[in-house]
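The values are calculated or read from the model by the stated rules, or taken from the named source; none is laboratory data. If you're wondering where the values come from, they're calculated on a predicted model, not measured in any experiment. No Cβ is skipped: glycine too gets one built from the backbone with ideal geometry, and neighbour counts run over all protein chains shown.
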Amino acid sequence: MTASRPTQGNSTTTVLGRRLGGELIKLRTAAGLTQTHAAKALTASTTKIAKMEGGWVPVRDPDIRALCELYGVHDPGVVGGLLELAKVDRERRKAKGWWNDHAINGVMQEYVTLESVATAIKMWQPSFVPGLLQTPVYVRALTREPTATTARTRGPEEEFVAARLARQQRLSNDPPLSLHTVIYEAVLRNFPGGADTARGQLDHLAQMADLPNITLQIYPFSGGTHLGLNGSFNIISFTEPGAMDIVYAEAPFTQRWVEGGEGAAAYDELFEMIADRALGKRESASFLRRLRKEL
């Protein structure tokens, strides 16, 4: 069964809506204004403002512009970022995507809907090959590893495989998703399913790394320890990277959303540190070839 997102009456909160609402709260607070001031500017109720700021309802472009004017925000980059985020959230609320036909749990369903409308993702993975780059054989092997997935997150094997493959279409869409991923060396030395799985997966990674929209780096054992070894995280961008980012972080039995602000910035700094200490793109390609020859 798919877990439902929080609801309030006929409204539904979304990660994108909360991200937008958080920005509106920050701008209103910086201007020294209350929800009552905002409500008067929109000729609306304070209840509507509260729902907008809480991510419960879609926000119209005229309301974004009116609030920016009220709050004294005239930077085209800031206003444009808010408008773009509001647009993506409205489209995401209306869309019926492929994920609605798969038994994907609530948190993961929210993630794949964001992934479907993202423009770029930075991804650190210390445990598994990133889902966007997994082969069908690797996915099937994961479903058979009792410590790699759980029945709650996995679902029926072929449905699990189909969902992973459907997600991967984002890498070849027009325009394609821009993906920058750093994979820990341990992932490439500990494959579910053994050598047969490893050969096909390493070949696939090498092939995908050649695509212009993909940057793939390997973080070697020699790179040393860092906070990212505690779990994986993905930094999802919808406009200009850094403007309206959302972070999805994952550890065993735990998932966490970080909706912008200093928290998201801290993850971005951590990712850049990891990428700086990882092998470069060419070195990573050579590393994959060496591993393949060892099998």
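Quick notes on this one:
- All conditions but one from (1) within 22 Å of the chain's Cα centre (by Cα); (2) surrounded by 19 or more Cβ atoms within 10 Å (Cβ to Cβ); (3) among the small types (Gly, Ala, Ser) apply to ALA198; the one that does not is (1).
- Within region 101-160, the only residue that satisfies the criterion of being outside any helix (DSSP H, G or I), touching a Lys or Arg at 6+ places or on another chain (Cβ under 8 Å) and modelled with pLDDT of 90 or more is GLN134.
- Remark: pairs (first residue in region 136-157, under 20 Å from GLY194 (Cβ atoms); second residue modelled with pLDDT of 85 or more and basic (Lys, Arg); Cβ separation under 6 Å; 6+ apart in sequence or on different chains) = VAL139/ARG164.
- Residue in region 243-263 that is more than 22 Å from VAL117 (Cβ to Cβ), modelled with pLDDT of 95 or more and among the charged types (D, E, K, R) present: no
- Flag for VAL15 being modelled with pLDDT of 95 or more and under 19 Å from GLY261 (Cα atoms): no
- Test: residue in region 234-245 that is touching a Pro at 6+ places or on another chain (Cβ under 9 Å) and crowded, with 16+ Cβ neighbours inside 10 Å: yes
- Among residues of region 28-38, those that are under 22 Å from VAL258 (Cβ atoms) and surrounded by fewer than 19 Cβ atoms within 10 Å (Cβ to Cβ), counted: 2
- Among (1) modelled with pLDDT of 95 or more; (2) out of contact with any Asp or Glu (no Cβ under 7 Å at 6 or more places or on another chain) - the single one LEU42 does not satisfy: (2)
- Candidates LEU270, LEU279, filtered to the one that is assigned to a helix (DSSP H, G or I) and more than 14 Å from ALA120 (Cβ to Cβ): LEU270
- Qualifying residues in region 240-295 (those that are of a type in the set (Ser, Thr, Tyr) and under 24 Å from LEU216 (Cβ atoms)) - the one nearest to the chain's Cα centre (by Cα): TYR248
- Residues in region 39-71 that are under 27 Å from the mean Cα position of the chain (by Cα), buried (at least 16 other Cβ atoms within 10 Å of the Cβ) and not in a helix (DSSP H, G or I): GLY55, TRP56, VAL57, PRO58, VAL59.
- Listed here are the strands (runs of 3 or more DSSP E) enclosed by region 186-257 that have at least 2 residues being farther than 19 Å from SER127 by Cα: 232-237.
- Cβ-Cβ contacts under 6 Å between residues 6 or more apart (or on different chains), taken from a first residue in region 104-120 that is assigned by TED's automatic domain parsing to the domain that holds PRO176 and buried (at least 19 other Cβ atoms within 10 Å of the Cβ) to a second residue that is of a type in the set (Lys, Arg) and modelled with pLDDT under 85, are listed as THR113/ARG92.
- Which numbered condition THR254 misses (of (1) surrounded by fewer than 20 Cβ atoms within 10 Å (Cβ to Cβ); (2) among the β-branched types (Val, Ile, Thr); (3) in contact with a Gly (Cβ under 6 Å, 6 or more places away or on another chain)): (3)
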